[in-house]
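I have placed the structure first, in the form of structure tokens, so that the comments after it can refer back to it.
No value in this document is a laboratory result; all are computed from the given coordinates. Just so it is clear, the structure is predicted and the values come from calculations on it, not from any experiment. So basically every Cβ, Gly included, is an ideal-geometry build from the backbone, and we count neighbours across all protein chains shown.
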Amino acid sequence: MTVMVVGVSEGEELERLRSRIQRNSHFQVISHARTPDVALAHARVLLPDITVLTLAGGFRDDPVALDVFHGVRALDPPSGVVLRTRAGAAPGDLDSFTADGAVHIVRAGDEEGLMRALRTIGLRRASCDPDEMP
């Protein structure tokens with residue numbers, strides 16, 4: 001599964017996140033972007049299976065991040081999304097965005113939660129057969 005990381009600056013946090021994701025050989029980080037315009041450009045070209053979107057707060061506080069979310073979900077096929085919150089608890093406005101195993105909310109630092117979300121999205125995508133879809 002290909003993974004794009006969005007919203008994390010170059011440096012130690014990005015390297016830790018990339019390393020944690022790629023520790024499981026089923027996941028490969030193919031891109032990272034700090035800014036929304038670069039993230040959407042990468043997403044349109046690379047069509048990542050999963051986007052890990054790090055948020056400073058909720059979408060109400062960061063409408064540009066909401067644009068990235070809608071952009072990657074509008075791809076064909078849509079990217080699964082892990083909404084990675086920096087806050088101690090996920091902002092309430094994110095709950096309405098979780099969708100049937102395709103979108104998950106995980107707190108930064110919760111490595112097990114991140115890997116559980118990646119595996120869930122990966123299994124969901126791997127079990128979809130486009131030839132059997134109506």
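Arrange Ser9, Ser31 by Cβ neighbour counts within 10 Å, fewest through most, would you?
On the way: Ser9 10, Ser31 18.
The fewest-first ordering by Cβ neighbours comes to Ser9, Ser31.
Restricting attention to the range 1-87, which trypsin sites (Lys or Arg not before Pro) occupy a DSSP loop and are surrounded by at most 11 other Cβ atoms within 10 Å? Write down the numbers at each step before the final one.
Values: sites: Arg16, Arg18, Arg20, Arg23, Arg34, Arg44, Arg60, Arg73, Arg84, Arg86; in loops: Arg23, Arg34, Arg60, Arg86.
The qualifying sites are Arg23, Arg60.
How high is the FRET efficiency between Asn24 and Asp67 when r is their beta carbon distance and R₀ equals 25 Å, given to the nearest 0.05? Display every interim value, and only then the final one.
Values: r = 29 Å, r/R0 = 1.17.
E between Asn24 and Asp67, to the nearest 0.05, is 0.30.
Treat the count of other C-beta atoms within 10 Å as a stand-in for reagent exposure and order Met4, Met115 from fewest to most. Spell out each step's value before the answer.
Values: Met4 23, Met115 17.
With the fewest neighbours first, Met4, Met115 line up as Met115, Met4.
Provide the percentage of antiparallel DSSP beta bridges, counting only those with both residues in the range 2-127; round to the nearest 5.
Details: 1 of 21 bridges.
Antiparallel bridges make up about 5 percent of those DSSP assigns within the range 2-127.
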